[in-house]
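The values are calculated or read from the model by the stated rules, or taken from the named source; none is laboratory data. Every value quoted in this text rests on a predicted model; they were computed, and no experiment measured them. Because the Cβ atoms are built from the backbone with ideal geometry, glycine has one as well, and the counts that use them run over all protein chains shown. Only protein heavy atoms, including side chains, enter the accessible area calculation; ligands, DNA and RNA are left aside. Shrake-Rupley method; radii C 1.70, N 1.55, O 1.52, S 1.80 Å.
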Amino acid sequence: MLAGYTAETLARLQFAFTVSFHIVFPAFSIGLASYLAVLNGLWLWTRDRVYLTLFDFWKAIFAIAFGMGVVSGIVMSYQFGTNWSVFSDRTGPVLGPLMAYEVLTAFFLEAGFLGIMLFGRKRVGDGLHMMATGMVAVGTLVSATWILSVNSWMHTPQGFGMNDVGQFIPLDWWAIIFNPSFPYRLTHMVLAAYLTTAFVVGAVGAWHLLRTPGRRSALVMFSMAMWMATLVTPLQILAGDMHGLNTLEHQPAKVMAMEGHFESHPDGAPLILFGLVNEDEKRIDYSIEIPKLSSLILKHHLDAPLDGLDTIPDDEEPPVSIVFYTFRVMVALGFAMLGIGLWSLWARWRGGLGEATWLQRAAVVMGPAGFIAVLAGWITTEVGRQPWTVYGLMRTSESLSPIDAPAVASSLVAFIIVYFFVFGAGIYYILRLMDKGPGQAKVEGPTRTAGTTPAQQVQDERPEMQQ
Amino acid sequence: MMFGYELSFLWAGLIAFAVLTYVVLDGFDLGIGILFPFYPNEKHRDVMMNSVAPVWDGNETWLVLGGGGLMAVFPLAYAVVMPALYMPIILMLLALVFRGVSFEFRWKTTRWRGVWDIAFFGGSLIAALSQGIALGALVQGIEVENRAYAGGWWDWLTPFSLMTGVAVATGYALLGATWIIMKTEGTVADRMRRHALQLGAATLVFIGIVSLWTPFQDRVYFERWFTGATWYWSVIVPVLMAAAAFVLWRGIAYRHDVTPFLASLSIFVLSFVGIGVSFYPMIVPPSLTIVEAAAPESSLRFALVGALILIPIILIYTAYSYWVFRGKIDPDEGYH
């Protein structure tokens, strides 16, 4: 199946596969950790049991998602060395310390307090338990901060020199960490994680409202999720726009691919809404476009000239079709999220979210929207920076380990089989918990806990055995 | 003011500390997985797994620090070792996926509980074997040319590395058994005492074989241990090892709760010291030294500030987390 591919292609496939699987879990757990901290805070503040019920429900789901994030993340930290050893040797002096800081400031914090958050409420009391919950949430955000700084430096490198063996040498750490694309990428990703979680929570709430209209725990989480959709989606669209302008400044070729601009437009470039990319002929077939709108968005002037890919040497062009299509998927989902947010406002005004069954149905459908948008957005930005690993300085083809294609091919096949099997099972267990819903006795019981007695476990699983 | 030279040795010490901490901490929870087939009773398995459930991912974070830290401060060593140990590393990563998720998954199903029990056992065993094989392959030496691994894809597979693989898995099982003795009472703890005695004996036999075999892997190791100015290590390390073995035996025989675990930890620390004595001043034997592999001074310095401030804080809250879940596991206690 994989014979005939070069080691480079296989290593890129492997990275794309493992990182795509991995990002799904942090994208969810970053938002969920903050949501858990809010729920626990509301429970301590109001003493309304519905918040405790929701906390325990989402905690069980968080534990599974977090575990999968940890194990798929360990793979990432070693894959730089196994498949991209030349990249590791040359960029290690700059990127390695940032990743070490991620481990020291974030991973240990999350892992150290996770146990207390999951199992420790009775042992440490409400106050310390709240602190542990907060620490887990802070840890996920700190982790995102460091790793996005690393990623952004690869897109917009600065603050370094070169030594005589070709290593990037750090000269100014402040410039390295706060490189030009970092603030935009970080904002865009954290908001994306919050929206991803909000749409999952919203879908679960809606699912149970449709099944049991008026169920309070479901209504509370549905309403919280819809507020997030209403308030955060516009911010996210704004952040995405600013990130795009930053990309235009630093990686114009990526924006040309996103826009599908093969040709330069000296007096105003059209916004291509959709079309079919024809890479051979270097044009977009059947395009639906709005004249001059691209120039207005990117340059804030209808007649501003915009360069196209004809100004970029062929061997420095990214693959256009992947970037073009995934960008449209992300943007379309973003506007669908905005639509849900506005619809929920209207529904609240018309008599409440509990009555809005069509909104609830739409929210169920939109449950996975955040994940798809996150993946599409990351594919846009990562494929769009090809053929570089360090933008403009180090090519992907120069980054590879001295490895044989069969070694990469067999590990790639192993990762594919194991990930689909293991994470498939995990996602199935998460969906089953979601289907059971909050407040169902024992939902939190069987969470890997030291606590539950085997008798309860069996009881809990009885419905499954009857299937 | 320190220069790159001293900084690189300081960092070699810190990386060694992270790896050792990983080995002893994840060692006992991997060991519990390795012991699973000998404890078919569901209730016993619940207790065994619960004794590490709150701490296992903290333990595994030290492995990430080892990998990330190596890339940060010894990027050349990282870039050479990972391709050289490609297969054992990939096997270890996949094995850790299986065992990591089974902590959660096993409680979520009845029909498939057996599957996740096997995943927990198989994942723990293969991860332990891979780590031991990787260690053995590193001791044998890794061929480096032009800042890159210059050997073949199966170089890691030798009788010596297979033996170190089994040795590490046996040692982890010992750590796991003595951890369970410390954390439980009743039938499980009693059976573990018997297993710990057997595993302790087996571990010491393996340490003996590795110690006698290693000097013949490389002339430098031989001179380090049997001739020259450093011969005294050949007295100190074995004497302390014998003392640790005695404490282990006595602790098990007299039914102490904590000393068997501490003695097992000491056995690991001493073995680690032994490896360090062999390696120094190499980071990747036989030819890559600590100084050659070190990142530029600005990287070492920047990362050191964080490590010196944060590692003590991490140790404090990790200790706190262990303290919260201290004492014997009560099989009927509810945490929720």
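Key figures
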quantity: Count - residues of region A:89-98 that are within 24 Å of the chain's Cα centre (by Cα) and within 7 Å of chain B (Cβ to nearest Cβ); calculated: 2
quantity: Residues located in region B:279-292, provided they are in contact with a Pro (Cβ under 8 Å, 6 or more places away or on another chain) and either assigned to a helix (DSSP H, G or I) or at the interface with chain A (Cβ under 10 Å from one of its Cβ atoms) (or both); calculated: B:PHE279, B:ILE290, B:VAL291
quantity: Residues (more than 15 Å from A:PHE168 (Cα to Cα), facing chain B (nearest Cβ under 7 Å) and of a type in the set (S, T, N, Q)) located in region A:73-88; calculated: A:SER77, A:THR82
quantity: Cβ pairs under 6 Å, 6+ apart, first in region A:146-170 and within 10 Å of A:VAL94 (Cβ to Cβ) and assigned to a strand (DSSP E or B), second open to solvent by 30 Å² or more (accessible area, probe 1.4 Å) and of a type in the set (Gly, Ala, Ser); calculated: A:PRO170/B:SER298
quantity: Residue that is farthest from the other protein chains (Cβ to nearest Cβ), among those in region A:134-171 that are among the polar types (S, T, N, Q) and crowded, with 16+ Cβ neighbours inside 10 Å; calculated: A:THR156
quantity: Residue list for region A:240-292, filter: of a type in the set (D, E, K, R) and in a loop (DSSP other than H, G, I, E, B); calculated: A:GLU263, A:ASP267, A:GLU279, A:ASP280, A:GLU281, A:LYS282, A:LYS292
quantity: Output for region A:37-60, where each listed residue is within 10 Å of chain B (Cβ to nearest Cβ) and under 24 Å from A:GLU102 (Cα atoms); calculated: A:LYS59
quantity: From the options B:PRO75, B:PRO54, residue that is within 26 Å of B:LYS328 (Cα to Cα), touching a helix residue (DSSP H, G or I) at 6+ places or on another chain (Cβ under 6 Å), at the interface with chain A (Cβ under 7 Å from one of its Cβ atoms) and not charged (D, E, K, R); calculated: B:PRO54
quantity: Number of positions in region A:210-233 that are closer than 18 Å to A:LEU52 by Cβ and either open to solvent by 20 Å² or more (accessible area, probe 1.4 Å) or touching a strand residue (DSSP E or B) at 6+ places or on another chain (Cβ under 6 Å) (or both); calculated: 6
quantity: Residue within region A:182-189 that is open to solvent by less than 10 Å² (accessible area, probe 1.4 Å), polar (S, T, N, Q) and either touching a residue at least 12 places away in the same chain (Cβ under 8 Å) or more than 8 Å from chain B (Cβ to nearest Cβ) (or both) present; calculated: no
quantity: Subset of region A:99-133 [within 8 Å of chain B (Cβ to nearest Cβ) and either over 20 Å from B:ALA53 (Cα atoms) or among the small types (Gly, Ala, Ser) (or both)]; calculated: A:MET99, A:ALA100, A:TYR101, A:GLU102, A:VAL103, A:LEU104, A:THR105, A:ALA111, A:GLY112, A:GLY115, A:GLY120
quantity: Total residues in region B:218-255, condition in a loop (DSSP other than H, G, I, E, B), farther than 30 Å from B:ASP190 by Cα and open to solvent by 50 Å² or more (accessible area, probe 1.4 Å); calculated: 5
quantity: Every residue from region B:88-110 that is within 21 Å of the chain's Cα centre (by Cα), more than 7 Å from chain A (Cβ to nearest Cβ) and farther than 17 Å from A:ILE416 by Cβ; calculated: B:PRO88, B:MET92, B:ARG99, B:SER102
quantity: Residues satisfying the stated conditions in region B:111-144, i.e. within 11 Å of B:LEU91 (Cα to Cα) and at the interface with chain A (Cβ under 10 Å from one of its Cβ atoms); calculated: B:GLY123
quantity: Residues located in region B:54-103, provided they are among the charged types (D, E, K, R) and modelled with pLDDT under 90; calculated: B:ASP57, B:GLU60
quantity: Some residue of region B:280-293 being more than 30 Å from A:PHE160 (Cβ to Cβ) and either open to solvent by 40 Å² or more (accessible area, probe 1.4 Å) or within 17 Å of the chain's Cα centre (by Cα) (or both); calculated: yes
quantity: Residue within region B:87-100 that is within 27 Å of A:GLY115 (Cα to Cα), open to solvent by 10 Å² or more (accessible area, probe 1.4 Å) and not aliphatic (A, V, I, L, M) present; calculated: yes
quantity: Test result for A:PRO318, open to solvent by 20 Å² or more (accessible area, probe 1.4 Å) and not hydroxyl-bearing (Ser, Thr, Tyr); calculated: no
quantity: Residue match in region A:20-42 (condition: surrounded by 22 or more Cβ atoms within 10 Å (Cβ to Cβ) and more than 23 Å from the chain's Cα centre (by Cα)); calculated: yes
quantity: Filtered residues of region B:14-41 (kept if over 16 Å from the mean Cα position of the chain (by Cα) and either under 19 Å from B:VAL101 (Cβ atoms) or more than 11 Å from chain A (Cβ to nearest Cβ) (or both)); calculated: B:LEU35, B:PHE36, B:PRO37, B:PHE38, B:TYR39, B:PRO40
quantity: Boolean, A:LEU209 is in a helix (DSSP H, G or I) and either closer than 30 Å to B:THR318 by Cα or among the aromatic types (Phe, Trp, Tyr) (or both); calculated: no
